[in-house]
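All remarks here apply to the structure that follows.
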Amino acid sequence: MIPIKNIQQEIQQTLQQYYSDSETAIIAFLLLEKLYQISQTDILLNKKVIENETTVKQKNEYLEKLKEYEPIQYVLGECYFDNKKFEVNSSVLIPRPETEELVKYICEQNDVPNKILDVGTGSGCIAISLALNFSEASVTAIDISEKAIETARKNAKNLHANVNFIQTDVLKWQPQETWDIIVSNPPYIKEDEKSSMKKNVLDYEPHQALFVENDNPLIFYKAIAQIAQKSLSDEGVLYFEINEALGLEMVDMLEKMSFVNVELIKDFYGKDRFMKAQYKSSKFISK
């Protein structure tokens, strides 16, 4: 039996030249929880564990991937979003805290909607979380990636969420339904922003879900807004996660498309991150 602190120190020492002290501390906790099926409390109490050949081999495999800056979420194949464990892999973006903030905002601001649409669902984190929070709602989620849809379906099954997944290209999609909420976190990082991005994002996360051309950064927002013009219910609400540098452009675009009650909302970092709007004479649904 080995005190868990010994293994924790080994992991942090191995990774200290690759990550900051705070990052190595977080990574060590996550690896220990996964490898030894223990809690953070067990780690803090320095519980003794059995380190056998299997755990040593798995630990070393994880560490080698982390040395190459593969995101810890992909290394472990999972991450938490809205206090729920989601499977993630290189076919889907790693869910971010900002997106979780958007989900919580939608849940706080709306009464029980009948129908919800999530565009560009990826891992399914938005659609599944909303389906679980609004258990009576009918939730549809679309994505262009077949592998992303497969991952999202698996997550919905594991979390017992009822979501209708559709593989389609939103730039060509012409739905015939109406929704009370349409939400999307589409690709919004401009190509010329790549140089400022970290290696773990640039080398591992799916570019199709991240980047847009410099000369047309709002291409997906415009397409989704056009769907919303036809498909929002009378009191329906459109929500976006956006590029912090494009907030004013987003406001201008939506207002020119006859959306009303357009709001630019900051995230917990104080950055312009979310949009909320309705179409024409719609009235915002508020608790």
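Derivation of every value follows stated rules applied to the coordinates shown; laboratory data play no part. Please read all numbers here as calculations on a predicted model, not as lab measurements. Note: ideal-geometry Cβ built from the backbone for every residue, glycine included; neighbour counts use all protein chains shown.
Divide by every residue of the chain the summed helix terms, -39500 (n - 2.57) for each DSSP H run of at least 4, and state the resulting mean residue ellipticity at 222 nm, rounded to the nearest 500 deg cm²/dmol.
Mean residue ellipticity, 222 nm, calculated: -12000 deg cm²/dmol.
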| Say each of GLU78 and TRP173 gets a label point 7 Å from the Cα, pointing the same way as Cα to Cβ; how far apart are those two points in nm? | 2.9 nm
| With each pseudo-label sitting 7 Å past Cα toward Cβ, what's the LEU264-ASN52 distance in nm, one decimal? | 5.8 nm
| note | Beyond 21 Å (Cα-Cα) in this structure, taken from LYS104/LYS154; LYS190/LYS222; LYS34/LYS194, we find LYS104/LYS154; LYS34/LYS194
| said: Can you list residues from other chains, or at least 5 along the same chain, whose modelled amide H is less than 5 Å from the amide H of ASN185? | reply: VAL119, GLU241
| Whole-Hz couplings from phi, Karplus 6.51/-1.76/1.60, listed for region 29-41; x for Gly and Pro | 4, 5, 5, 5, 4, 6, 5, 10, 6, 10, 9, 4, 4
| task | Once every Cα of the chain carries one equal point scatterer and solvent is ignored, give the base-10 log of I(q)/I(0) from the Debye formula at q = 0.08, 0.11, 0.15 Å⁻¹, two decimals. | result | -0.39, -0.70, -1.13
| task | Evaluate the distance, in nm, between pseudo-label points positioned 7 Å from the Cα of GLU33 and of GLU150 along their respective Cα→Cβ axes. | result | 2.7 nm
| note | Quick calc, region 88-175, dipole around Cα centre from Cβ unit charges on Lys, Arg (+) and Asp, Glu (-), nearest 20 debye, gives 280 debye
| Dimensions of region 3-69 along principal axes (Cα, Å, largest first)? | 28, 25, 16
| field | P(r), alpha carbons of region 100-211 - 5 Å bins starting at zero, rounded % | value | 2, 12, 21, 21, 19, 14, 7, 4, 1
